[in-house]
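Notes to accompany the following structure.
Every number in this text was worked out from the coordinates using simple rules, so none of it is lab data. From a predicted model like this one, the values you see are computed outputs, not experimental measurements. In this analysis, Cβ positions are derived from the backbone assuming ideal geometry, glycine residues included, and neighbour counts consider all displayed protein chains.
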Amino acid sequence: MNSGKIVAIITGVISIVLAVAYLILVQLLDIRGEMIPAPTFNSEQASINNPLCNSRINNCNVLGQGSRII
């Protein structure tokens, strides 16, 4: 056998192994069941949990002092 055939066979085997591993991974992730959405919360809860918010005036300074959006 010449080296070109050996390289082709090796890369083919690697390709098949990766494809089978991917299919197994997808099946394992699919078995876990239905995905549930992330929990939602209202803005009042966000201002309580956010240390950058001043709860007395309900003003959130998310970007910090002196920050500007360009």
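So the values come out like this:
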{"read-out": "FRET efficiency, residue 27 to residue 1 (Cβ-Cβ, R0 30 Å, nearest 0.05)", "value": "0.25"}
{"read-out": "Residues 16, 31 arranged by fewest to most Cβ contacts within 10 Å", "value": "31, 16"}
{"read-out": "Extension gain from residue 19 to residue 41, taking 0.36 nm per residue of separation minus the Cα-Cα distance", "value": "3.8 nm"}
